[in-house]
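The values are calculated or read from the model by the stated rules, or taken from the named source; none is laboratory data. All values reported here derive from a predicted model rather than from experimental measurement. Backbone-built Cβ (ideal geometry, glycine too); neighbour counts: all protein chains shown.
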Amino acid sequence: MKRDEYIAQLKKYLKRLPKKEYDSAIEYFTEYFDEAGPEREQEVIQELGQPKEAAKEMLLQLLNEGQTEEKQHSFLKTLGIIVLVLCASPIALPSLLTLIVGLFCVVLFVGCIFFALFCVGLAGILSGGYVFIQSLTLIGHSLAGFIVLFGMSLLCIGLGILVGLFSVWLAKWIGIGLMKLTSRIARKESK
């Protein structure tokens with residue numbers, strides 16, 4: 001087998017390589033034959049082995065180089081991400097803490113409003129009950145006074161019940177709104 005035949009067969013086996021690697025491999029083998037000279041051509045062919053074996057060895061060598069390069073890139077990528085996280089943490093951690101404290105304050109504020117509405121409703125019911133008892137003491141003295149106080153007691157009890165029902169209805173819808181807000185914020189955080 002002559003040099004030209006050997007390189008032609010080698011080209012056939014290396015044609016799957018990307019153009020840059022293909023040209024580099026063919027150039028390597030051509031230079032190897034040039035350095036040996038025409039008188040040592042057969043020795044070089046024996047040293048390299050069959051063209052198929054030489055191509056296989058070259059492919060394995062390129063594959064190993066690619067894996068090492070890929071490992072370096074992944075390590076550098078990981079290192080870059082760590083550096084970015086460390087640089088962003090002075091901004092991200094206080095922002096996250098502010099968000100959590102803000103949500104806590106909103107929940108506390110809404111809770112205070114519900115407690116106040118509940119207290120107003122309970123006060124209306126209790127004061128209506130007290131006025132009702134007072135109106136019963138006026139039955140014998142003044143019928144007009146009894147009717148006025150009895151009406152006031154029913155009004156207070158009715159308003160107390162309405163405020164209580166309104167606070168329950170409002171609590172339900174504000175609770176649903178807070179859950180939606182929290183889930184929306186959580187989705188934005190995960191993106």
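What residue, of Leu59, Leu79, Leu103, Leu122, is modelled with pLDDT under 80, assigned to a helix (DSSP H, G or I) and surrounded by 11 or more Cβ atoms within 10 Å (Cβ to Cβ)?
Only one candidate qualifies: Leu59.
Consider Asp34 against the criteria (1) closer than 22 Å to Glu21 by Cα; (2) modelled with pLDDT under 80: it satisfies all of them except one. Which criterion is unmet?
Of everything listed in (1) closer than 22 Å to Glu21 by Cα; (2) modelled with pLDDT under 80, Asp34 misses just condition (2).
For the stretch 130-153, how many residues meet the condition of being of a type in the set (Ser, Thr, Tyr), loosely packed, with under 15 Cβ neighbours inside 10 Å and either part of a helix (DSSP H, G or I) or touching a residue at least 60 places away in the same chain (Cβ under 8 Å) (or both)?
So the count comes out to 2.
Please go through (1) touching a helix residue (DSSP H, G or I) at 6+ places or on another chain (Cβ under 9 Å); (2) modelled with pLDDT under 75 for Tyr28 and return the number of the only condition it doesn't satisfy.
Looking at each condition in turn, Tyr28 falls short on (2).
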